[in-house]
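Below: one structure, written as structure tokens.
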Amino acid sequence: MTISQLPLLFFIGLSLTTLFALISGCEKSVSMEDRPVAIAEELSQPRETPVAQEDGGLEVVTLGSGCFWCTEAVFRELKGVKSAVSGYSGGKVDNPTYKAVCSGTTGHAEVIQVTFDPQQIAFTDILKAFWETHDPTTLNRQGADVGTQYRSAIFYHNEKQKEEAASYKKQLDASGQFKSPIVTEITEFEKFYPAENYHQDYFRLNPENQYCQYVIRPKLEKFRSKFADKLKKAEPEKE
């Protein structure tokens, strides 16, 4: 090795480090400079996003499949979905902050609460989109994101959702679609806490963010291709 080769090796090493960071998940991949609001300021941030309500024939289900930025971006595009709100569910601490949930000590999962019109989209299609847009076979893990806050979970809001989710899960396991058994938790819904405002609709509002460009966008494009007949009319992304 010559001295002239050192800068090249340094550049390669730096590039690999950056690439690993991008694919390692929301919380690990994005520096504080990429966040619109510092985690340290979370306690003072209001949470204005309303919790989904079942009215006018609409239904609600709460889903956890890793980073809620990714999940929210996917479900917002499904025809019949009226809202997808990022938040926290399944824990034992009231009003948890993002920082607390990231510590893995509150018992919460990062989730989205989906309000949908069952006349426009069947619950089985919600389940199909859920199970086919993350890895439901890795316990408490999505990619390099590790912890109970990243667990695969369905928090059902009624017995019909419970039965359909359990039946669909059984069918998927029997089909061999996944090489390993599905470990998705199917649990009765108790409480949902909307995440801080800066997490909501994150992909659309922050398209320049590196995680959005290199992780969410490719995942979304794959989803759009596979679920083309189930999508709303495309809306232009923020420039």
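The values are calculated or read from the model by the stated rules, or taken from the named source; none is laboratory data. Here the structure is a predicted model, which is why all the values come from computation and not from measurement. Using ideal geometry, Cβ is built from the backbone for each residue, glycine included, and neighbour counts are taken over all protein chains shown. In case anyone asks, the SASA skips ligands and DNA or RNA and just uses the protein heavy atoms, side chains included. Shrake-Rupley method; radii C 1.70, N 1.55, O 1.52, S 1.80 Å.
Please give the number of the condition T17 fails out of (1) at pLDDT below 55; (2) surrounded by 12 or more Cβ atoms within 10 Å (Cβ to Cβ). For T17, the exception is condition (2).
Look at (1) touching an Asp or Glu at 6+ places or on another chain (Cβ under 9 Å); (2) of a type outside the set (V, I, T); (3) at pLDDT 95 or above; (4) buried (at least 18 other Cβ atoms within 10 Å of the Cβ) and you find that N158 fails only one, number (4).
When the range 192-210 is filtered for residues that are open to solvent by less than 50 Å² (accessible area, probe 1.4 Å) and either out of contact with any Lys or Arg (no Cβ under 9 Å at 6 or more places or on another chain) or assigned to a loop (DSSP other than H, G, I, E, B) (or both), the ones remaining, listed by number, are F192, A195, E196, H199, Q200, D201, Y202, N206, P207, N209. Taken over the range 56-115, the criterion of being crowded, with 22+ Cβ neighbours inside 10 Å, outside any helix (DSSP H, G or I) and small (G, A, S) is satisfied by G64, S65, G66, A84, S86, G87, S89, G90, A109. If the condition is being outside any loop (DSSP other than H, G, I, E, B) and either among the hydroxyl-bearing types (S, T, Y) or over 18 Å from the mean Cα position of the chain (by Cα) (or both), then the range 169-191 contributes K169, K170, Q171, L172, D173, A174, S175, T187, E188.
Would you confirm, using the coordinates I've provided, whether Y214 is open to solvent by less than 40 Å² (accessible area, probe 1.4 Å) and hydroxyl-bearing (S, T, Y)? In short, no.
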